Amino acid sequence: MRRKVVAGNWKMNKDIHETAELVRSLADRLKDLRDEVDVIVCPSFASLVVAQSLLQNTRIKLGAQNVSSFGDGAYTGEVSAKMLLAAGCSYVIVGHSERRQYFHESDDLINTKALKALESGLIPIICVGETLQEREGGITDRVITTQMKGVLKGLSTDQLNKVIIAYEPVWAIGTGKTATPDQANQVHKLIRKLVAQIYSWAEAEKIIILYGGSVNPQNAHALFHEPDIDGGLIGGASLKADSFLPIVQAAV
C-alpha cells in the first residue's frame, strides 16, 4: 500500500527568522500525529540550514524547491544536488510550473535535474500539469503524456522507485480554483497508466502521485481519498501551521 505524502512548497516566502518560527510550530504540533503520512517542508535555499537544524529528531523531512542541472563548478548562482544533500535535504521539487513558466524550463532540462538529484541520493518530486488553455482545448491527456515521457526519459526502474510525481494543473495553482476530486483522480489515473506503459503495472501501482493546486483544509480530505491520489504538494496553505496541519491530518 502506498504511503501518503504531504509536502509544503514555501516558494519565495519566509526569511530565516520566519522559517524558524514556522518549523518550531509544525514540529511541536505534529509530534503526536500517527505515523501514516510523510511530511516534507521545502523552504527557500537561504533557510535550508536553519530548517534542518530545527527538524532534527522530528518526523518532518526537508526538501528544496529546485536543483541545478550541473554538478559543482563555475555556475554562478546555481545550487547543486551535492550541496542540497549536505544541507540536510532528502527531497527536491523539480519542474514546478512556475519554473516552467518564468524560467522556461523544458521537459529535457527537468529530466536532467531529476537524474542529477537521483545520482546524488535525493528524491525528486517531479511536477507535470496543463494550463487552462490546454485543458479548455481538450488536450490535457496529450500534454501530460508528452511531459511524462520527457521527464522520465532514461530513468531506470530502480530510479523510478525513488521518484514522486506531482500533478499540478497550472490553472489551479494559487488561483483558488481546484480540480474536482474526480477531475484530479482522472489525470492521476492517466499518469499511472503512462508509468505502466513505460515500465510495468507493478511499478505504476507503487509510484506516489501527489496533487497540487489550491489544496486547502476544506478540500484536502476529498482529494486525498481518491484511489489514485497519494497526498499533496501544498503551496500557499503550507505557509501557516493552522492551514497546513489540517491538510496533513486529512491524509491520515
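Output the residue which, of all residues in the stretch 168-182 that are open to solvent by 70 Å² or more (accessible area, probe 1.4 Å) and either of a type in the set (Val, Ile, Thr) or more than 27 Å from ASN13 (Cβ to Cβ) (or both), is nearest to the chain's Cα centre (by Cα).
Here the answer is THR175.
Please determine whether any residue of the stretch 195-215 is open to solvent by 20 Å² or more (accessible area, probe 1.4 Å) and under 25 Å from SER25 (Cα atoms).
yes
How many residues does the stretch 130-168 contain that are part of a loop (DSSP other than H, G, I, E, B), under 21 Å from ILE40 (Cα atoms) and not polar (S, T, N, Q)? So that I can check it myself, show each step before the final result.
Kept after step one, since they are part of a loop (DSSP other than H, G, I, E, B), are these residues of the stretch 130-168: 130-131, 137-139, 152-156, 161-163, 168.
Of the ones still in play, those that are also under 21 Å from ILE40 (Cα atoms) are 161-163, 168.
Still in the list and also not polar (S, T, N, Q): 162-163, 168.
Going through the stretch 130-168 one residue at a time, the tally reaches 3.
Does SER97 count as open to solvent by less than 20 Å² (accessible area, probe 1.4 Å) and among the polar types (S, T, N, Q)?
Values: open to solvent by less than 20 Å² (accessible area, probe 1.4 Å): yes; among the polar types (S, T, N, Q): yes.
So SER97 passes the test.
Cβ-Cβ under 9 Å, sequence separation 6+ or interchain: first residue in the stretch 156-183 and polar (S, T, N, Q), partner modelled with pLDDT under 85. Which pairs?
From the stretch 156-183, the pairs are THR178/ALA172.
I'd like the full set of residues that are assigned to a helix (DSSP H, G or I), closer than 27 Å to TYR102 by Cβ and in contact with a Leu (Cβ under 8 Å, 6 or more places away or on another chain), limited to the stretch 5-51. If you could, list the steps in order and put the result at the bottom.
Within the stretch 5-51, the subset assigned to a helix (DSSP H, G or I) is 16-30, 45-51.
So of that shortlist, the ones also closer than 27 Å to TYR102 by Cβ come out as 16-19, 22-23, 45-51.
Answer for the stretch 5-51, where residues must be assigned to a helix (DSSP H, G or I), closer than 27 Å to TYR102 by Cβ and in contact with a Leu (Cβ under 8 Å, 6 or more places away or on another chain): LEU22, VAL23, LEU48, ALA51.
Does the stretch 187-226 hold any residues that are out of contact with any Asp or Glu (no Cβ under 8 Å at 6 or more places or on another chain) and farther than 23 Å from ILE123 by Cα, and which are they?
Correct list: SER214, ASN216, PRO217, GLN218, ASN219, ALA220, HIS221, ALA222, LEU223, HIS225.
Taking into account only those residues within the stretch 24-44 that are farther than 15 Å from GLY231 by Cβ and open to solvent by 90 Å² or more (accessible area, probe 1.4 Å), which is modelled with the lowest pLDDT?
First pass over the stretch 24-44, keeping only residues farther than 15 Å from GLY231 by Cβ: 24-29, 31-32, 43-44.
Pick out the ones that are also open to solvent by 90 Å² or more (accessible area, probe 1.4 Å) and you get 24, 29, 31-32.
Values: ARG24: 97, ARG29: 93, LYS31: 88, ASP32: 84.
Checking each candidate, the answer is ASP32.
How many of the residues in the stretch 41-59 are free of Cβ contacts under 8 Å to residues at least 60 places away in the same chain and touching a Phe, Trp or Tyr at 6+ places or on another chain (Cβ under 9 Å)?
Looking only at the stretch 41-59, we keep the residues that are free of Cβ contacts under 8 Å to residues at least 60 places away in the same chain, and these are 42-59.
Subset that is touching a Phe, Trp or Tyr at 6+ places or on another chain (Cβ under 9 Å): 42-44, 47.
Count: 4.
What tally of residues in the stretch 60-94 results from selecting those that are without any contact (Cβ under 8 Å) to a residue 60 or more places away in the chain, crowded, with 18+ Cβ neighbours inside 10 Å, closer than 27 Å to GLN249 by Cα and of a type outside the set (D, E, K, R)?
Residues meeting the conditions: 8.
The values are calculated or read from the model by the stated rules, or taken from the named source; none is laboratory data. What you see is a predicted model, and the numbers here were worked out from it, not measured in a lab. A quick note on method: Cβ atoms are made from the backbone with ideal geometry, for glycine too, and the neighbour counts reach across all protein chains shown. These area figures cover heavy atoms from the full protein model, side chains too; ligands, DNA and RNA do not enter into them. Shrake-Rupley method; radii C 1.70, N 1.55, O 1.52, S 1.80 Å.
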